[in-house]
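Reviewing the structure listed below.
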Amino acid sequence: MKFTLHVWRQSGPNARGEMKQYEATGVNPDMSFLEMLDVVNQELIARGEEPIAFDHDCREGICGSCGIVINGVPHGPRRRLANGKIEAKTTCQTYMRDFTDGQHLWLEPWRAGAFPVIKDLVVDRSAFDRIMQAGGYISANTGGAPDGNAILIPKRDQEKAMDAAQCIGCGACVAACKNASAMLFVAAKVSHLGILPQGQPERAQRVVRMVEQMDKEGFGNCTNYMECEAACPKEISRQFIARMNRDYLWAQTQDLETTSSGGAG
Amino acid sequence: MQLNSNVPPGPLAEKWQKHRFEMKLVNPANKRKYKILVVGTGLAGASAAASLAELGYQVETFCFQDSPRRAHSIAAQGGINAAKNYQNDGDSVFRLFYDTIKGGDFRAREANVYRLAEVSVNIIDQCVAQGVPFSREYGGQLENRSFGGAQVSRTFYCRGQTGQQLLLGAYSALCRQISLGNVKSHPRTEMLDLVVVGGRARGIVVRDLVTGQVSSYVGDAVLLATGGYSPVYFLSTNAKGCNVTATYRAFKRGACFANPCYTQIHPTCIPVTGDYQSKLTLMSESLRNDGRIWVPKTPGDKRSPDQIPESERDYYLERRYPSFGNLAPRDIASRAAKMVCDEGRGVGPGGRGVYLDFSDAIRRRGEKYIRDKYGNLFDMYAHITHEDPYKTPMRIYPALHYTMGGLWVDYNLMSNIPGLFVLGEANFSDHGANRLGASALMQGLADGYFVVPYTLGNFLAGCAPGGVSETAPEFKQAEQEVSDRLKKLLAIKGNRSATWFHRELGKVMWDDCGMARSEKSLKKALARIPELREQFWREAGVPGNGQGLSPALEEAGRVADFLEFAELLCIDALHRNESCGGHFREEYQTPDGEAQRNDAEFSYVAAWQYQGQDKPPALHKEPLVWETVHPSIRSYK
């Protein structure tokens, strides 16, 4: 197979970028999309040119590093599976057999103000880390935890928490959203911890702090287009956004001030 | 040099308790005066960093990924072992200890393994407290499944994403400490050297991968939690970024590297399909709970699997190892797969594959049951192979997955360089010559949550904080050496990518030092590796000037280290004239093809010490002391 690639090249965070054209020839249909890029990069290196920079690591859809907008779709166009479902996948789980021989492919980085481009297809997603630092945890110091079976968790709650916890933090939801909203990412974490009994003590302050940080990072708001859910490689449901909104509203009624009286000595 | 394991005296079951009491403490008010550098943010690194920060130490973390949450622990699928005995099936701390020692083919240190089994129960509790959504029974209690090498059900799991959930737990604890100002996180920052001042590890030299700038960090202790070295074989189940650089650089600064030849080849991976392939994908061992492994009885049988009747199939693991069957340990299952493929009975293109068949389980329990349990793994398989594993059996073949060898550490997880601690897969201590499934996550978290927070305090209590700055000549010299090497890489200006060399090295390692090794093959590899290394420094091409983000430069540096480290691995494999666990020397096998250990001569840890460029490393032996267990023939029949 052969392809014509149009790739966003930008030498640094403050440089001007442009689409550049490359030919990918001798492509095996069973190659993954990133393996096809590896081959293109090897040819660039042989010619002494800078290879195309893209983030990747595990190459099995779990680390959340990779993310290329291919022909306008974050992580690339999705096939309809034999069972009628639309496949959910990351860029690294995209295979060349899913494209047509001779096709033109447009490769762009995630586009969002809160994800500045570092180079070529690599963006800075540290905003997600800062949102997590704002409250995406349960305060449980190491040591002294009660027996794992001391808190019984109904299977349906655990399953629902796990559905949300599967988020890999890739940022495709942001890239897919016309508002560059991070609601699906934040909702997934808020819900994972908010559903579980262990997450209840900090539930109100968690949702408030994470949402505040999300706004501070410059992500847009949700206007219910649901593109995020369609783009999510882990099929995180939009219902978690509704859940987060409910939690956020409820949290406004809670007393979030913490007072400390200090040691009585 | 005498390597002292510092295993405390006393009965096995009391060593850790007693040691914990006897270790010195650092006064709470003094803890904040100590700076700890943690390199790597996988399970071991993130859990250690968070726990140490909770105690009050100043911590800085470093990872090459763009976020600590993306460390390769995230990809672990199957589960984590703990001796909870929730299933009432006869598990105990001692049984987990014994299974692990036996699984490691009696090549691990007793006291370390016992402690691992002991703290395993605390790990589950800690993770539950953090909100890790472990699988539950309908009554709300934690669920378990079985893994290879054990006859009890002690593996806790979160669907097929256990590593992800445990890492997100540790990462969330880390996030909390970052927000409290106790941890400073440096993502996209790669450690390129260790700095030793006055015989003590005092810092690291790093490269900021975004700006390209080289700089140093000073600490009172350095913790390496940088994972294993599987990608020395190029194709492995590890992430593309996994590398040996941090541990190999520490080796070159004097830290001993122990048992590098103990590599784990996982039996259930998706077979190689082409030369362009960049990595292999693991199918969790948990699949062997319900899948049955088989090949046709007749060599060269090309019929599709559904055309091969039951009577013409060879369920070779069930036949050869009736008591463990498809749950035989990894090294044994891998070798058995190689053996049937060598006989010409392999399936799929190239004949390097065996079937992992779920049709019995689907018939017995229904497709929904299988989908609930392994859905994401089946999806992953379908993505890669374009086949439907609910309908046709999966094809699998062994691949490099984990490395048991690593930097030598004592009972306190400190290397032979004072102040340098090594955690998780990066050290050598707990898995001997073969690791059992669901034990890597356990060890990473044991080291980080429950071992190093105690042992590091004991070390720090004996030294005053600070006293060294990054202007010290040792730091300046190390920085200079790092910069010179980067410049040297950029100056080769050849036209072969580092990937090309990496792939070539991988072929040599897989063919000559893979699932089976011999004196002849190892000598061949030892002749070829230096040639390849020399060619690398002559012909490799690294475009750019080293400023800004440069993935090609990062890769070239890592490949250059693999090209040196590969030799150390082969030297170790050649010296160990026995077969044990993942190290299978063709010359040393029983008549029925099982590994033949030589306890009289090789019951020791082989710790190698760097002696200088182009000089053979020096071998130091730490004898394995058997106080409780008596090494026996490891049988799973």
Problem set entry | Loop-resident sites, segment A:174-241, for GluC sites (Glu not before Pro), counting at most 15 other Cβ within 10 Å (DSSP) | A:GLU235
Problem set entry | Whole-percent carbon and sulfur share, accessible surface of segment B:473-599, 1.4 Å | 50 percent
Exercise. For segment B:265-401, what is the accessible area per residue in Å², given a 1.4 Å probe and the full set of protein chains?
Worked result: 38 Å²
For this session: Principal axes first, then extents: for the Cα atoms of segment B:460-541, list largest minus smallest coordinate on each axis, whole Å, largest first.
Result: 51, 38, 18
Problem set entry | Summed buried accessible area for A+B [probe radius 1.4 Å, Å², rounded to 100] | 6300 Å²
Problem set entry | Estimated dipole of chain A in Debye, rounded to 20 [Cβ of Lys and Arg +1, of Asp and Glu -1, Cα centre] | 580 debye
Seminar exercise, completed: Expressed in nanometres to one decimal, the distance between label points 7 Å along Cα→Cβ at B:ARG253 and B:ASN577 is 3.7 nm
For this session: Beta carbons within 10 angstrom, averaged per residue: use that to sort the peptides B:320-330, B:184-194, B:625-635, highest first.
Result: B:184-194, B:320-330, B:625-635
Exercise. Which value, in Å³ per residue, describes the convex hull spanned by the Cα atoms of segment B:40-165?
Worked result: 130 Å³
Seminar exercise, completed: With every protein chain kept in place and a 1.4 Å probe, the residues B:ASP511, B:ASP89 fall, from largest accessible area down, as B:ASP511, B:ASP89
For this session: Check the straight Cα-Cα distances from B:LYS507 and name the lysines below 17 Å, setting aside those fewer than 8 residues away within the same chain.
Result: B:LYS240, B:LYS279, B:LYS338, B:LYS520, B:LYS523, B:LYS524
Problem set entry | Hull-based mean projected area of chain A, where the convex hull spans the alpha carbons, in square nanometres | 18.9 nm²
For this session: Rounded to whole Å and sorted largest first, list the principal axis extents of the Cα atoms in segment B:168-279.
Result: 46, 35, 28
Exercise. When all C-alpha to C-alpha distances in segment B:198-238 are sorted into bins of 10 Å, what percent of pairs does each bin hold, rounded to whole numbers?
Worked result: 22, 30, 38, 10
Exercise. Which is farthest toward the positive dipole end of the protein assembly as shown among A:LEU249, B:PRO260, A:VAL208, measuring Cα position about the Cα centre, with Cβ charges +1 (Lys, Arg) and -1 (Asp, Glu)?
Worked result: A:LEU249
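Calculate the tail of P(r) for segment B:511-637: the fraction of all Cα-Cα distances greater than 20 Å, expressed in %.
58 percent
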Seminar exercise, completed: Hull volume per residue for segment B:265-401, using the convex hull of the C-alpha atoms, in Å³ is 108 Å³
For this session: Select from A:HIS192, B:GLY148, B:ILE124 the residue farthest towards the positive end of the dipole of the protein assembly as shown; place +1 on Cβ of Lys and Arg, -1 on Cβ of Asp and Glu, and compute about the Cα centre.
Result: A:HIS192
Exercise. How crowded by other chains is B:163-174, given as the mean number of beta carbons from other chains within 10 Å of each beta carbon?
Worked result: 5
For this session: Please give the helix B:330-342 orientation as an angle from the longest Cα principal axis of chain B, in degrees from 0 to 90, rounded to the nearest 10.
Result: 50 degrees
Exercise. Carbon-plus-sulfur fraction of the accessible area of segment A:3-108, 1.4 Å probe, in percent?
Worked result: 47 percent
Seminar exercise, completed: What helix-only [θ] at 222 nm does the protein assembly as shown give? Using -39500 (n - 2.57) per DSSP H run of at least 4, over all residues, to the nearest 500, the answer is -11000 deg cm²/dmol
Problem set entry | Nearest 10 degrees, 0 to 90: helix B:519-539 Cα axis against chain B principal axis | 50 degrees
Seminar exercise, completed: With the 1.4 Å probe rolled over protein heavy atoms, segment B:517-637 has an accessible area per residue in Å² of 43 Å²
Exercise. List the lysines whose alpha-carbon lies under 21 Å from that of A:LYS2, not counting same-chain residues fewer than 8 positions away?
Worked result: A:LYS20
Problem set entry | Stokes-Einstein D (µm²/s) once Rh is taken as the Kirkwood radius of the protein assembly as shown over alpha-carbon pairs, at 4 °C in 1.567 mPa s | 47 µm²/s
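Which helices pass in chain A if a helix is a full DSSP H run, must span at least 18 angstrom along its long axis by Cα, and must have mean Kyte-Doolittle hydropathy not below -0.5?
The qualifying helices are A:33-46.
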Exercise. Where the only charges are on Cβ atoms (+1 Lys, Arg; -1 Asp, Glu), what is the dipole of chain B about its Cα centre, to the nearest 20 debye?
Worked result: 620 debye
Seminar exercise, completed: Over all pairs of different Cα atoms in segment A:3-108, the reciprocal of the mean inverse distance gives a Kirkwood radius in Å of 14.6 Å
Exercise. Within the accessible area of segment A:125-252, what % is carbon and sulfur when the probe is 1.4 Å and the other protein chains stay in place?
Worked result: 48 percent
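Evaluate Rg over Rh across segment B:423-580, taking Cα atoms for both radii and Kirkwood's formula for Rh.
Ratio of gyration radius to Kirkwood radius for segment B:423-580: 1.05.
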For this session: Grab the alpha carbons of segment A:125-252, take their convex hull, and tell me the volume per residue in Å³.
Result: 107 Å³
Exercise. What are the ³J(HN,Hα) values, in whole Hz, obtained from phi via the Karplus relation 6.51 cos²θ - 1.76 cosθ + 1.60 with θ = phi - 60°, for each residue of segment B:202-218 in sequence order, with x given for Gly and Pro?
Worked result: 10, x, 9, 10, 10, 10, 6, 6, 7, 9, x, 6, 9, 8, 10, 10, 9
For this session: Given a cut-off of 29 Å, name the pairs among B:LYS302/B:LYS391; A:LYS89/A:LYS119; B:LYS15/B:LYS621; B:LYS102/B:LYS297; B:LYS35/B:LYS621 whose C-alpha atoms lie farther apart than that in the structure shown.
Result: B:LYS102/B:LYS297; B:LYS35/B:LYS621
Problem set entry | Highest average packing first - A:33-41, B:122-130, B:220-228, Cβ atoms within 10 Å | B:220-228, B:122-130, A:33-41
Exercise. Given charges of +1 on the Cβ of Lys and Arg and -1 on the Cβ of Asp and Glu, with all other atoms neutral, how large is the dipole of segment A:3-108 about its Cα centre, in debye to the nearest 20?
Worked result: 420 debye
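Can you check what the Kirkwood hydrodynamic radius comes to for segment B:84-226, Cα pairs only, in Å to one decimal?
Taking the inverse mean of 1/r over all distinct Cα pairs, segment B:84-226 comes out at 18.6 Å.
When Cβ neighbours within 10 Å are restricted to other protein chains, what is their mean count per residue of peptide A:160-173?
Across the residues of A:160-173, the mean count of other-chain Cβ atoms within 10 Å is 4.
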Problem set entry | Computed Rg/Rh of segment B:144-221, alpha carbon atoms with Kirkwood Rh | 1.17
Problem set entry | Ellipsoid semi-axes in whole angstrom, largest first, where each is sqrt(5λ) of the Cα gyration tensor of chain B | 37, 29, 24
For this session: Multiply the residue gap between B:ASP484 and B:LYS302 by 0.36 nm, knock off their C-alpha separation, and tell me the result in nm, one decimal place.
Result: 59.9 nm
For this session: Using the heavy atoms of the protein chains and a 1.4 angstrom probe, tell me the accessible area per residue for segment B:101-149 in square angstrom.
Result: 18 Å²
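The values are calculated or read from the model by the stated rules, or taken from the named source; none is laboratory data. For clarity, every value in this text was computed on a predicted model and none was experimentally measured. Every residue, glycine as well, gets a Cβ built from its backbone with ideal geometry; the counts of neighbours run over all protein chains shown. In case anyone asks, the SASA skips ligands and DNA or RNA and just uses the protein heavy atoms, side chains included. Shrake-Rupley method; radii C 1.70, N 1.55, O 1.52, S 1.80 Å.
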